[in-house]
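Okay, so here's the structure we're looking at.
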Amino acid sequence: VSLIAENKNGVSDAVTLRLSWKGASQSASSDEFVIKPKLYVLAIGVSEYQNADYRLGFASKDARDLAAACKSLEGGIYRAVETKVLADKEADKLDILDALDWIQKQTTSKDVAIIFMSGHGINDQNGKYYYLPYETDLDKLKRTGVPFSDITNTVSGIAGKVLFFIDTCHSGNLMKGARAVDRDIVGTVNELASAENGAIVFASSTSNQ
């Protein structure tokens, strides 16, 4: 089986996996013990920011809904599902960093981790990308924002499989200034999905959509 990625800019090299069929396997005996993976879910969403000018419609609801949907998978392909939801006031910078530390420590090489982040994201005037927690003050972005490097370091440090969902579109209206024009998240997503970090990334949109 070969997989090739293609877009308007070109075609990637093929990634090939060789499979062999040896016939139907014997049915597992009733007393056979099968270890299923655990699923760890960190869902973060901020709609009601401390600064009312930043408020969004559905970010916190989306975080709760995704965690609930994942919890329904417990007992199926996952032997257990552990969720942590940080919504609105709960999603301050320190709690987000603690939660990233939690999912990195809990997920073993046999498990699956899902990280969902919805809210505002923004590049500073030097192009460094930040996720904006509840108490964000754009005049003190280094102190109050969560640098995306912290998120990338967490993802690369998780031993199991990682799915990362990011929904931070329309953040361009927050920061003004000639040096803050380029807020496209594509570069950030590509870094997170690189071979070194190994995450499967789902992005809601580019920053101009």
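The values are calculated or read from the model by the stated rules, or taken from the named source; none is laboratory data. Predicted model, so just to flag it, every value in this text is computed and none were measured. We place every Cβ from the backbone using ideal geometry, glycine too, and count neighbours over all the protein chains shown. Note: areas computed on protein heavy atoms with side chains; ligands, DNA, RNA excluded. Shrake-Rupley method; radii C 1.70, N 1.55, O 1.52, S 1.80 Å.
Treating the beta-carbon of each Lys and Arg as +1 and of each Asp and Glu as -1, no other charges, what is the dipole magnitude of segment 28-104 about its Cα centre, to the nearest 20 debye? Provide the component values of the computation, followed by the final result.
Details: 10 positive and 14 negative charges, 30 e Å.
For segment 28-104, the charge dipole is close to 140 debye.
Taking H as built 1.01 Å from N, whose amide H comes closer than 5 Å to the amide H of Ala199, not counting residues under 5 places away?
Residues meeting the criterion, in which the H sits 1.01 Å from N, are Ser194.
Residues with beta-carbon under 12 Å from that of Lys161, excluding Lys161: net charge, scoring Lys, Arg +1 and Asp, Glu -1?
Net charge in that neighbourhood comes out at +1.
Hey, any idea what % of segment 63-108's accessible area is carbon plus sulfur with a 1.4 Å probe?
Carbon and sulfur together cover 51 percent of it.
How large is ³J(HN,Hα), in whole Hz, for each residue of segment 131-138 in order, when computed from phi with the Karplus curve 6.51 cos²θ - 1.76 cosθ + 1.60 and θ = phi - 60°, using x for Gly and Pro?
Values per residue, Gly and Pro as x: 8, 9, x, 3, 8, 3, 10, 5 Hz.
Need one number: % antiparallel among DSSP beta bridges in segment 1-102, to the nearest 5.
On the way: 4 of 13 bridges.
Within segment 1-102, antiparallel bridges account for around 30 percent of the total.
Check Ile114: other-chain or 5+ apart residues with amide H under 5 Å from its amide H, H built from backbone geometry?
The list, which skips near neighbours in sequence, is Tyr40, Val41, Leu42, Leu163.
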